[in-house]
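Below: one structure, written as structure tokens.
The values are calculated or read from the model by the stated rules, or taken from the named source; none is laboratory data. The model shown is predicted, which means the values in this text are computed figures rather than measured ones. Reconstructed Cβ throughout: ideal geometry from the backbone, glycine too, with neighbour counts over all protein chains shown.
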Amino acid sequence: MLATRLSPYLKKLTAKHPAIYKQFVPSVKEENDNKITLVDPLTEEHFTPVRGLVHKHDNRVLVLLTMNCSAYCRFCTRRRKVSDIAQGVISEADLDNMVKYIKKHPKIKELIFSGGDPLTVPVILKKALEKFTKLSQIKVIRVGTRLMVSDPRLINEKVLDALRVVKKQPLYLMVHFEHPAEITLATIKAVKKLQTVSTMLLCQSVFLKGVNDNVEILEELFSRLIEIGVKPYYLSRCDYVRGAEHFIVPIKKEIKIFTELRIRLSGIACLMYIIDVPGGMGKVPVPADFWQFDCKQYTDFTGKKFKVVETKK
């Protein structure tokens with residue numbers, strides 16, 4: 001089972017808010033075994049040419065600097081390997097191998113740092129950014145983090161100093177918020193710090209049963225995010241990852257909620273509702289219910305057909 005880790009800050013938050021508790025504290029529901037979910041739903045292991053580098057799309061690569069986080073989301077796509085100490089942290093030799101690989105693939109223009117949480121390893125993050133920002137082919141850098149939610153005090157000068165390395169390219173920080181209770185004074189303070197060193201903060205959220213599968217909750221979340229200068233970017237269907245089945249919301253309910261959000265939210269607070277195709281290629285947008293469409297199947301960007309997977313109610 002995925003390890004448990006809670007900062008003192010997050011312990012207080014989980015004690016006050018059941019929606020936060022469900023995201024970070026283990027449940028017996030994680031032990032259910034079935035045939036509809038996958039250990040590696042996005043087939044990342046298949047697209048890993050060198051250690052720590054995932055290359056699924058011609059023009060961008062995913063860089064996994066560490067498999068550790070300040071706290072572990074129970075619905076994590078990489079729960080097969082995050083918290084695994086044996087996976088460790090990427091070494092400088094690994095970074096050099098990534099640089100060599102990227103140079104051999106000139107179509108790569110964008111880097112997406114993820115993990116684990118790359119902001120929990122500011123020393124190796126700084127080394128990575130120093131190496132990658134020197135590559136003339138790299139035009140865009142993204143860094144994903146949930147540290148402002150799990151332990152905002154760790155958004156410190158070491159982290160900011162690492163991010164300041166990026167000067168020539170735009171630096172987009174991909175933050176994660178799932179519930180408005182996560183937006184606290186401490187979190188807002190951390191967000192403001194990150195805004196001083198980044199081009200823009202974009203939020204990725206996930207539909208989670210029993211956490212945010214509610215119009216009012218998501219309306220408040222996305223409205224409050226734009227009030228603190230964070231642009232809602234993606235609202236994802238929960239990945240079909242083994243151990244997180246109990247978080248998957250029925251697709252028709254998601255579409256109904258998203259359609260109502262589109263009516264209620266201002267344009268700047270609206271975001272794209274997507275399915276990250278299991279075993280496929282790309283994040284496929286799901287249309288709102290203003291037009292008739294088949295919500296039982298869809299195609300990825302290569303034209304491959306998929307059926308929508310539902311869990312037992």
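A compact table of results
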| quantity | calculated |
| --- | --- |
| Selection from the range 221-251 of residues that are hydrophobic (A, V, I, L, M, F, W, C), more than 25 Å from residue 2 (Cα to Cα) and in a helix (DSSP H, G or I) | 221, 222, 225, 226, 251 |
| Residue under evaluation residue 243, criteria (1) at negative phi; (2) surrounded by 19 or more Cβ atoms within 10 Å (Cβ to Cβ), criterion not met | (1) |
| Subset tally (residues that are among the polar types (S, T, N, Q) and either closer than 27 Å to residue 58 by Cβ or part of a strand (DSSP E or B) (or both)) for the range 269-313 | 3 |
| Sole residue being within 21 Å of residue 7 (Cβ to Cβ), in contact with a His (Cβ under 6 Å, 6 or more places away or on another chain) and not in a loop (DSSP other than H, G, I, E, B), chosen from 186, 181 | 181 |
| Total residues in the range 264-297, condition at pLDDT 85 or above, closer than 19 Å to residue 233 by Cα and either surrounded by 13 or more Cβ atoms within 10 Å (Cβ to Cβ) or of a type outside the set (A, V, I, L, M) (or both) | 18 |
| Pairs where the first residue, in the range 160-178, is on the phi < 0 side of the Ramachandran plot and among the aromatic types (Phe, Trp, Tyr) and the second is assigned to a helix (DSSP H, G or I) and buried (at least 20 other Cβ atoms within 10 Å of the Cβ), C-beta under 7 Å, 6+ apart | 177/149; 177/221; 177/225 |
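Matching residues to (1) more than 17 Å from the chain's Cα centre (by Cα); (2) over 23 Å from residue 151 (Cα atoms); (3) in a helix (DSSP H, G or I):
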{"residue": "190", "(1), (2), (3)": "yes, no, yes"}
{"residue": "193", "(1), (2), (3)": "yes, no, yes"}
{"residue": "205", "(1), (2), (3)": "no, no, no"}
{"residue": "213", "(1), (2), (3)": "yes, yes, no"}
{"residue": "253", "(1), (2), (3)": "yes, yes, yes"}
{"residue": "262", "(1), (2), (3)": "yes, yes, yes"}
